Amino acid sequence: MRTLRLARIAAEAEGLRLRRQARRTAVRMAIGLIALMFLGWALAFVHVAVWYWLREAVGWAAPGTAMALAGGDLVIAGFLVLLMARSSPGRVEMEALQVRQRALDSAAGSLALTTVLLPVLRLILIRLGRK
């Protein structure tokens, strides 16, 4: 009975850990998509800037503006990528992992004890039955 309870606790802890991990992954994906969007805009502005430079060759006002916007987008995209890469498991997720591990270790120990005691109990019952 104790083994089943420990297995249930381990399953609940694992479920909590997986839900938290899925939530963190979804947030990381959303931030990554936003970063990709800014990167796309930055590349578009770089192309506009190069086009203006090739077109006018002297007028730096329009290409300079486009390059400044592209640079700003790159800075924002870089910040978002760093934010996405920095995401790590939270306190609740780590505690759930520890609870699961302790419950599984206890369940394994309980099963090992049962495996050892069962043959001993059979021998005792056989001895008692012969008397």
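Assorted remarks:
- Listed by first and then second residue, the pairs linking a residue in the range 6-32 that is over 15 Å from L83 (Cβ atoms) to a residue that is assigned to a helix (DSSP H, G or I) and of a type in the set (D, E), with Cβ atoms under 6 Å apart and 6 or more places separating them unless they lie on different chains, are R17/E93; R20/E93.
- Condition met for A35 (at pLDDT 85 or above, crowded, with 17+ Cβ neighbours inside 10 Å and more than 25 Å from L18 (Cβ to Cβ)): yes
- Selection count where residues are in a helix (DSSP H, G or I) and open to solvent by less than 70 Å² (accessible area, probe 1.4 Å), scope the range 86-119: 14
- The range 5-32, residues that are of a type in the set (K, R), under 16 Å from the mean Cα position of the chain (by Cα) and surrounded by fewer than 14 Cβ atoms within 10 Å (Cβ to Cβ): R19, R23
The values are calculated or read from the model by the stated rules, or taken from the named source; none is laboratory data. If you're wondering where the values come from, they're calculated on a predicted model, not measured in any experiment. So basically every Cβ, Gly included, is an ideal-geometry build from the backbone, and we count neighbours across all protein chains shown. SASA here: full protein model, heavy atoms, side chains in, ligands and nucleic acids out. Shrake-Rupley method; radii C 1.70, N 1.55, O 1.52, S 1.80 Å.
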